[in-house]
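Peer 1: Pasting in a structure now, in structure tokens, and then I'll have a few things to ask.
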Amino acid sequence: MIIGGLQKFSMLDYPGLLSAIIFTEGCNFRCHFCYNPMLVLPKGERSKKGHSRVSEDDLFVFLKERVGKLEGIVITGGEPTLHRDLPEFIKKIKDLGFKIKLDTNGTNPEMLKKLLPLLSRGGKRGLKGDRKQNPLNPPLQGGLIDYIAMDIKAPLEKYGEVVGLSDLSLRAKPPRRSEAISVGALNEIASSSRGGTSRNDNFVNLSNIQKSIKIIIESNLPYEFRTTLVPGLHTLKDIKKMGALVKGADKWYLQQFKSDTDLVNSDFQKLRPFTDKEIEKMRKIGEKFVKECEVR
Ligand code: SF4
């Protein structure tokens with residue numbers, strides 16, 4: 001696991017629990033408004049700010065010291081599901097007694113299936129395909145996460161544009177060998193994301209996004225969907241379309257875009273965020289689709 005950062009304490013990021021945050025390095029999206037360019041862009045394209053990696057050894061020394069003091073660990077990125085060793089990594093943290101919250105952009109539903117509670121499999125709400133597992137080589141995984149948050153970036157037809165993958169200059173590039181972040185996994189996802197026919201489906205596998213939404217809604221986990229709202233990218237109509245994507249979900253948070261920090265696309269620093277009034281109008285549309293729609 002390539003760890004691009006560690007926040008040692010948070011009261012906000014894991015609902016209801018005192019937590020620490022682990023930032024994994026590398027992402028297959030290039031969202032214009034992403035405020036973690038140091039985790040997303042390859043070296044050389046990053047801002048001057050930079051970041052320091054944390055070794056797994058140092059991380060586990062820290063975690064062992066925090067047993068009994070922290071309750072949860074948030075794994076965010078970058079995009080954590082790009083890392084093939086994510087299940088083993090999470091298991092090691094869970095074995096210390098922490099609860100795990102995972103943040104994801106939803107591009108890797110197969111990884112989500114591996115991480116979901118075993119209890120949700122095969123039953124009424126079970127996931128298709130699980131019965132085909134080879135009994136001689138059963139998955140280690142299951143029951144590894146306790147809370148999941150997935151970004152809904154845009155209506156499907158605008159996904160590529162919003163996540164910066166319809167813009168050739170920002171498109172995700174595989175990392176160089178020297179900075180290998182599960183290169184195989186990244187390449188796998190990157191290649192499975194290609195081959196679409198419409199302009200915005202060129203670089204995002206939209207069916208994976210839809211599969212992840214379904215998996216999360218049908219899981220027995222507490223979860224949330226969340227959308228960062230950006231002027232120029234999102235309209236009232238888009239809220240309706242995104243609402244339809246997560247229809248019936250428990251929680252959908254609408255988040256204000258922050259322009260006062262380093263962003264993947266520095267042009268977006270010039271943008272004025274939506275006003276509270278504008279966001280509230282969007283929330284009112286959103287609440288028609290889900291059980292709880294809040295602004296944060
Ligand atoms: S905001 Fe976009 S680019 Fe940044 S880490 Fe999340 S998915 Fe990747």
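The values are calculated or read from the model by the stated rules, or taken from the named source; none is laboratory data. A quick note: this is a predicted structure, and the numbers were derived from the prediction, not measured. Cβ atoms come from the backbone with ideal geometry, glycine included; neighbour counts cover every protein chain shown.
Peer 1: Answer yes or no: is there a residue in segment 60-76 that is among the charged types (D, E, K, R) and without any contact (Cβ under 8 Å) to a residue 12 or more places away in the chain.
Peer 2: Step one: of segment 60-76, the residues among the charged types (D, E, K, R) are 64-66, 69, 71.
From what is left, the residues that are without any contact (Cβ under 8 Å) to a residue 12 or more places away in the chain are 65.
Taking every residue of segment 60-76 in turn, at least one turns out to be among the charged types (D, E, K, R) and without any contact (Cβ under 8 Å) to a residue 12 or more places away in the chain.
Peer 1: Report, by residue number, each residue of segment 217-233 that is away from the ligand (no atom under 16 Å from the Cβ) and either over 17 Å from residue 283 (Cα atoms) or under 16 Å from the mean Cα position of the chain (by Cα) (or both). Please lay out each step first, then the result.
Peer 2: As a first pass, look at segment 217-233 and keep what is away from the ligand (no atom under 16 Å from the Cβ): 217-223, 231-232.
Within segment 217-233, 217, 218, 219, 220, 221, 222, 223, 232 meet the criteria.
Peer 1: Any idea which of (1) within 14 Å of the ligand (Cβ to nearest atom); (2) buried (at least 22 other Cβ atoms within 10 Å of the Cβ) is the one residue 51 doesn't satisfy?
Peer 2: Every listed condition holds for residue 51 apart from (2).
Peer 1: Identify the residue in segment 35-48 that is in contact with a Ser or Thr (Cβ under 9 Å, 6 or more places away or on another chain) and within 15 Å of the ligand (Cβ to nearest atom) and, among all such residues, is modelled with the lowest pLDDT.
Peer 2: First, pick out the residues of segment 35-48 that are in contact with a Ser or Thr (Cβ under 9 Å, 6 or more places away or on another chain): 35-39, 41, 43, 47.
Checking the rest, the ones that are also within 15 Å of the ligand (Cβ to nearest atom) come to 35-39, 41, 47.
On the way: 35: 92, 36: 92, 37: 92, 38: 91, 39: 92, 41: 82, 47: 56.
Taking the candidates together, the pick is 47.
Peer 1: May I ask you to verify whether residue 101 is within 16 Å of the ligand (Cβ to nearest atom), under 20 Å from residue 219 (Cα atoms) and charged (D, E, K, R)? Working first, answer last.
Peer 2: Numbers: within 16 Å of the ligand (Cβ to nearest atom): yes; under 20 Å from residue 219 (Cα atoms): yes; charged (D, E, K, R): yes.
When the stated conditions are applied, residue 101 passes them.
Peer 1: Output the residue which, of all residues in segment 57-81 that are within 16 Å of the ligand (Cβ to nearest atom) and at pLDDT 95 or above, is surrounded by the fewest Cβ atoms within 10 Å (Cβ to Cβ). Give the derivation first.
Peer 2: As a first pass, look at segment 57-81 and keep what is within 16 Å of the ligand (Cβ to nearest atom): 74-81.
Pick out the ones that are also at pLDDT 95 or above and you get 74-76, 79-81.
On the way: 74: 23, 75: 24, 76: 20, 79: 28, 80: 26, 81: 28.
Looking at the filtered set, the residue picked out is 76.
Peer 1: Scan 112, 136 and give me the residue that is surrounded by 19 or more Cβ atoms within 10 Å (Cβ to Cβ) and modelled with pLDDT of 50 or more.
Peer 2: On the way: 136 fails: surrounded by 19 or more Cβ atoms within 10 Å (Cβ to Cβ).
Just one listed residue meets the conditions, 112.
Peer 1: Let me ask something else. Sort out which residues of segment 52-92 are more than 16 Å from residue 145 (Cβ to Cβ), outside any strand (DSSP E or B) and of a type in the set (Val, Ile, Thr), and write them in order of number.
Peer 2: 61
Peer 1: Considering each residue of segment 252-273, count those that are part of a loop (DSSP other than H, G, I, E, B) and either touching a Gly at 6+ places or on another chain (Cβ under 7 Å) or modelled with pLDDT of 95 or more (or both), and give that number.
Peer 2: So the first thing to find is which residues in segment 252-273 are part of a loop (DSSP other than H, G, I, E, B), and the list is 257-265, 271-273.
With the extra rule that they be either touching a Gly at 6+ places or on another chain (Cβ under 7 Å) or modelled with pLDDT of 95 or more (or both), the set shrinks to 264-265, 271.
Qualifying residue count for the region: 3.
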